[in-house]
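Here is the structure we will look at.
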Amino acid sequence: MSNKIEFQIENLGVPKFKSPLQLSTVRGDNIFTFISETDKLVFDTSLEGYVQCIANKEEPLCLEKAGPRQNIHFEPKNFNAGIVTCGGLCPGINNVIRGIVMALHYFYDVKKILGVPYGFEGLNPAMGHGFIELTPDKVKDTHQFGGTILGSSRGAQDVSLMVDTLVENDIQMLFTIGGDGTLKGCNAIGEEIMRRGLDISVVGIPKTIDNDVDIIDKSFGFETAFDIASPILKDAHNEAHGAYNGISIVKLMGRDSGFIAASASLAMPVVNFVLVPEMDFSLYGENGFLEVLKNRLEAKHHAVIVVAEGAGQHLFEKDEVVTDASGNVQHDDIGLFLKQKITEYFSEVFPVTIKYIDPSYIIRSAAANSGDSVFCSSLAYQAVHGAMSGKTKFVVGKVNNKFVYLPISAVVSKRKKIDLESGFWFAVLQSTGQPFSIK
């Protein structure tokens, strides 16, 4: 399969209804113009990519621009929509729910919007959760709160059974808000819908506090996460600085990618060491972490260490790999492990005072900040526009700072990770002063 095919979005059919949105069809009249299917955005914006396309006499790889279409697939008023939230909590989920409901109701006059309680469990009638009817009045204040008003759960349900539930409740549009596992589940639902020849659109809105969804610039909730983490790092520095040879260890979320740890440390530049899953490091030896930490304490008499939850897993002896209900590998606690190893090492060197801080679940259950609130509303609106035009099995996100539609299959093939040769990681190293390699 060529790269050009990977970014093509599947459609339920040729849109035949006129959009109720009173937008423009020409530019220059100071009214937002409908997005055409020919409106494309170049994926690789580098000069190198441009030169390569010219040399090979080929068109660049392009993405579908997100936004409202002049012709839509679903006739307003004549169908039901559903919204489901899955996986762990993340700032901004309620903002997205609110945005979807408001866009469906006020933009397209959709009268019945059903909230699916407790993740994909809610599409299994045997669980007995029922549905929650969502109206503008019911969701108008939800953006002020963290968590999810619909509840969430991890783990898969029978795909065929979930599609049966959609059909039985006349749900022709399902918005799934979740991370990697949720998006894969959404895609599987879409595959079953296509196999049956049903007229149901499924849409994914990427939710992961770790910012590890591939291709897209960022996922919602990530900005809030490192925003909230930053003052915690300041307080951790106060604790470390308040004791002679004081050490503060702060563990932040980041199962496979260390974006929160790295970004929070850049935002609050009082951190001396950032340990992320993307890097291997040794504890012992001349250039090992403990020796480098000793050098830091001898020079400054305090140190702040930020560690992502998935960092240093190679240091544990494991007989077997344990996964959670979503299929994610359950990691050992690197924060407590580091505290123990630091305590043991310095017991034979000189006295230290260690403070260990784990604010993970406080951060992920917080309400979205202003930046994420704007982002969440935009994601919701663009998701609704895409679904109304009959697109299916797609996610909405920003690529090169533009809203686009991407096939779910394109973003779940691998996780986004920090490039240790990138300017971003170099900035972290410059801020902390830690060595390029801790071996």
Region 132-226 - percent relative contact order, Cα under 8 Å, separation 6 or more: 22
Region 197-225 and region 324-379: distance between their alpha carbon centers, rounded to Å: 22
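Using the heavy atoms of the protein chains and a 1.4 angstrom probe, tell me the accessible area per residue for region 128-179 in square angstrom.
Details: 2300 Å² over 52 residues.
Here the residues of region 128-179 average 44 Å² of exposed surface.
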Under 14 Å from the Cα of LYS18 - aspartates and glutamates, other chains or at least 8 residues apart: GLU75, ASP109
Diffusion coefficient, µm² s⁻¹, Stokes-Einstein with Kirkwood Rh over alpha-carbon pairs of region 64-115 at 25 °C and 0.890 mPa s: 195
Set of lysines near LYS355 by C-alpha distance (under 21 Å), chain-local residues within fewer than 8 positions excluded: LYS234, LYS251, LYS294, LYS300, LYS339, LYS341
Computed over the chain: relative contact order in percent, which uses C-alpha pairs under 8 Å that are six or more apart: 22
Cα radius of gyration and Dmax for region 113-174 (Å): 12.4, 36
Whole-percent carbon and sulfur share, accessible surface of region 300-390, 1.4 Å: 49
Listed peptides 31-42, 160-171, 48-59, 406-417 by packing density, highest first (mean Cβ within 10 Å): 406-417, 160-171, 31-42, 48-59
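Would you mind classifying region 81-193 by shape? Square roots of the alpha carbon gyration tensor eigenvalues, ordered a ≥ b ≥ c; an a/c under 1.5 is rounded, otherwise it is prolate if a/b is larger than b/c and oblate if not. If you can, show how the numbers build up before the last one.
On the way: a/c = 1.72, a/b = 1.27, b/c = 1.35.
Oblate.
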In order through region 198-214: 3J(HN,Hα) via Karplus (6.51 cos²θ - 1.76 cosθ + 1.60), integer Hz, x for Gly, Pro: 8, 9, 10, 9, 10, 10, x, 10, x, 10, 7, 5, 6, 6, 9, 6, 5
Length gained when the stretch ASN295-ILE54 is fully extended (0.36 nm per residue, less Cα-Cα span): 81.5 nm
Residue order for CYS186, CYS62 - accessible surface, 1.4 angstrom probe, largest first: CYS62, CYS186
Volume in Å³ per residue [convex hull over Cα atoms, computed for the chain]: 173
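Under Stokes-Einstein, with the Kirkwood radius over Cα pairs standing in for Rh, what whole-number D in µm²/s applies to region 131-233 at 4 °C and 1.567 mPa s? Numbers along the way, then the final one.
Details: Rh = 15.8 Å.
Diffusion coefficient, whole number: 82 µm²/s.
Of all DSSP beta bridges in region 19-122, what percent run antiparallel (nearest 5)? Numbers along the way, then the final one.
Working: 3 of 9 bridges.
Approximately 35 percent, going by the DSSP bridge assignments.
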Hydrodynamic radius (Kirkwood) for region 289-432, which is based on Cα pairs only, to one decimal in Å: 19.8
Ratio of Rg to Rh over region 164-291 (Cα coordinates, Kirkwood Rh, two decimals): 1.19
Longest to shortest principal axis, alpha-carbon extents of region 15-98, angstrom: 50, 41, 26
For the chain, calculated [θ]222 nm from helices alone, where every DSSP H run of n ≥ 4 adds -39500 (n - 2.57): -10000 deg cm²/dmol
Region 371-439: relative contact order in percent, alpha carbon pairs under 8 Å with at least 6 residues between: 16
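The values are calculated or read from the model by the stated rules, or taken from the named source; none is laboratory data. What you are looking at is a predicted structure, and each value in this text was computed from that prediction instead of being measured. Here the Cβ is made from the backbone with ideal geometry for all residues, glycine too, and neighbour counts use every protein chain on show. In case anyone asks, the SASA skips ligands and DNA or RNA and just uses the protein heavy atoms, side chains included. Shrake-Rupley method; radii C 1.70, N 1.55, O 1.52, S 1.80 Å.
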